[in-house]
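Chemist: If you scroll down you'll find the structure; I have some questions about it.
The values are calculated or read from the model by the stated rules, or taken from the named source; none is laboratory data. Because the structure is a prediction, the values reported are computed rather than measured. Here Cβ is always computed from backbone atoms with ideal geometry, including for glycine, and neighbour counts include all displayed protein chains.
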């Protein structure tokens, strides 16, 4: 199961549907506006986190980065545009169709 936590932005429009089309089985969204969001933990079922940088406060971004590092969850940063999101996630192993082949080639 590949699940993604999106943090930032009030409304995502068609972004969750496009992410599901890319192969994510679960997309969870936290708007990140409330001060109390800093205290929330990362859900256990999350495989990676996407931070929408133009819609998140610095304290939350910093706390989220620290929690993600502690849990070994990769964090990707993008603006709230599909092009930016796709570019950020295309660099990750979750979407790369030849990731396993590349890992094998590097080992040999």
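So that you can scan it fast, the table gives a plain yes or no per residue for (1) in a loop (DSSP other than H, G, I, E, B); (2) touching a helix residue (DSSP H, G or I) at 6+ places or on another chain (Cβ under 7 Å); (3) touching a residue at least 40 places away in the same chain (Cβ under 8 Å); (4) on the phi < 0 side of the Ramachandran plot:
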position	(1), (2), (3), (4)
6	no, no, yes, yes
11	yes, no, no, yes
17	no, no, no, yes
24	yes, no, yes, yes
38	no, yes, no, yes
42	yes, yes, no, yes
46	yes, no, yes, yes
51	no, yes, yes, yes
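Chemist: When you go through (1) loosely packed, with under 15 Cβ neighbours inside 10 Å; (2) at pLDDT 90 or above; (3) over 20 Å from residue 91 (Cα atoms) one by one for residue 17, which number turns out not to apply?
Modeler: (3)
Chemist: Take the residues in region 61-86 that are touching a strand residue (DSSP E or B) at 6+ places or on another chain (Cβ under 7 Å) and in a helix (DSSP H, G or I), then tell me which one is surrounded by the most Cβ atoms within 10 Å (Cβ to Cβ).
Modeler: Of everything passing the filter in region 61-86, 64 is surrounded by the most Cβ atoms within 10 Å (Cβ to Cβ).
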